[in-house]
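Written below as C-alpha cells is the structure these notes are about.
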Amino acid sequence: MKRAKSQLALLWQAFTGEKAPSSVRDMVNVAGSIRRAARLAGCSPSTISRRLKQEAAAAEAIGSVEAQINMVGGTKQAAEAAGVSERTVRRWRQQEREGRPHGKRQQRHIDQLQRAAKKAQAAESKVPATDEVRAKLRQGVLGDAEARQRAINPRRAARISKSGARVQYKAIVSVISTDQMHDTRERDQDLEVGGEVMKGGMQAWLNGGSADTVLGKLSEGFTDNYLQSHEGAHASGAKWQFDAFSRLTIGQNTPGATKWGD
C-alpha cells in the first residue's frame, strides 16, 4: 500500500468530520484572516487578496450549466464529462433557463461536469492549477494549530478525548517486539475505542503536531490500550506503530462495532 498523498489532509478530515479546506476562501476562513493566511503561505496579504478575487471570478464564470458547457467545448463534450446523454445536458440547460431546480439524482452528474469545467478553466487561467501560493497556503493551514482549532467543533473534540470514538481505518501497521522483530502489514479495522486511546492523538492534532507526531500519539494509545490488552503483549513490551493511513474515519461509538480484545 502506498503512503497516502497527504496524511495531514486525511487527519484533518478524520478529526473534524469535514473535508480539509482546498479553496482559497475556505483556507482564509480557517486561518482567521487574510493577513494570517499570508503568513502561513509565506507571501504578502495582497497576494492572497488577488487569489481570492481570481477564485471568485472563476467561480462566477462557470457558475451555470450553460457556462460549464461552453467551457468544456460544447454539448457533446459536456455529456461525456458528466457521463450522461447530450439530451440530458440540453434538458439541464433548459431547466436552468426556466429557473427550475435540478433533480437530486442528477446532481452527481452535474458535479462531474462542473469539475471538468474547472479543469478546463484552470488550463486557460493565468493562475495554474498547481499554484505555488495556494499549495503553500494549504500546507500551512493543515499544519496550523489555530486553524485546526477553528475548524473543529469543540464538543466533538471533547467527546473524542473523553468518551472515545468509533475508529474505522486501513493502515500500514508495525507490531514491534522487544527483540525488534517487526510484523508489518496492512490492517483494516472497525473498532470502538475509549477516550484514553484517542486523547493523545486528539491533543497532538489540536496543538499543531506534525502528521508523524499525531500518528505517534495514536500509536501510543493503541499500544497501551489495545495491544497490551492481549495476553503476553504487556509482558513482552510489544509496541503498536501506525506507519501510514490510507483511510481513517473517527465517528461516534456505534452499537455493533468490534470492541477491544474481540
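Grab the Cα-Cα distance for GLU80 and ARG247, subtract it from 0.36 nm times how many residues apart they are, and report the gain in nm with one decimal. Could you put the intermediate results ahead of the total?
On the way: separation 167, 0.36 × 167 = 60.12 nm, distance 3.02 nm.
Extra length available between GLU80 and ARG247 comes to 57.1 nm.
Short-range pairs are left out: with C-alpha atoms under 8 Å and at least six residues apart, the relative contact order of the chain is 23 percent. Report summary: the helix-based calculation at 222 nm, which adds -39500 (n - 2.57) for every DSSP H run with n ≥ 4 and divides by the residues of the chain, gives -17500 deg cm²/dmol. Given a Förster radius of 51 Å and the C-beta distance between ARG115 and SER177 as r, what FRET efficiency does 1/(1 + (r/R0)^6) yield to the nearest 0.05? It comes out at approximately 0.60. Helix 132-142 and the long axis of the chain differ in direction by around 40°, with both axes built from C-alpha atoms. Using 0.36 nm per residue and subtracting the Cα-Cα separation, the extra length available between ASP224 and ARG35 on full extension is 63.8 nm. Only one residue of GLN94, GLN68, VAL30 has its Cα farthest out toward the positive end of the dipole of segment 21-142, where Lys and Arg carry +1 and Asp and Glu -1 on Cβ, and that residue is VAL30. Can you tell me the 0 to 90 degree angle between the C-alpha axis of helix 86-97 and the longest principal axis of the chain, rounded to 10? Rounded to the nearest ten degrees, it is 80. With a cut-off of at most 14 other beta carbons within 10 Å, and DSSP calling the residue loop, which trypsin sites (Lys or Arg not before Pro) in segment 132-178 qualify? Please list them. Answer in residue order: no site qualifies.
Each label was represented as a point 7 Å from its Cα along the Cα-to-Cβ direction; for LYS53 and SER210 these points are 3.8 nm apart.
Taking the chain as a Gaussian network, Cα atoms linked when under 10 Å apart, which of GLN94, GLN13, GLN114 shows the biggest mean-square fluctuation? Judging by the Gaussian network model, the answer is GLN94.
Against the main long axis of the alpha-carbon atoms of the chain, helix 104-124 sits at an angle near 80°. With the simple spin-label model, which puts each label point 7 Å out from Cα in the Cβ direction, the GLU96 to GLU60 separation comes to 1.7 nm. So which GluC sites (Glu not before Pro) in segment 1-99 end up in coil per DSSP with only 16 or fewer other C-beta atoms within 10 Å? Those that pass, being in a loop and sparsely packed, are GLU18, GLU98. Scalar couplings 3J(HN,Hα) for segment 145-157, obtained by applying the Karplus form with A = 6.51, B = -1.76, C = 1.60 to θ = phi - 60°, are 4, 5, 5, 4, 5, 6, 7, 9, 5, x, 5, 5, 4 Hz; x denotes Gly and Pro. Here the Karplus relation 6.51 cos²θ - 1.76 cosθ + 1.60, evaluated at θ = phi - 60°, turns the backbone of segment 6-12 into coupling constants of 9, 5, 5, 5, 5, 5, 4 Hz, with x for every Gly and Pro. The value for the chain of Rg(Cα) / (2.2 N^0.38 Å) is 1.25.
Read-outs throughout are calculated quantities, based only on the coordinates presented, and are distinct from any laboratory measurement. The structure presented is a predicted model; accordingly, all values stated were derived computationally and were not measured. Cβ: placed from backbone, ideal geometry, glycine included. Neighbour counts: every protein chain shown.
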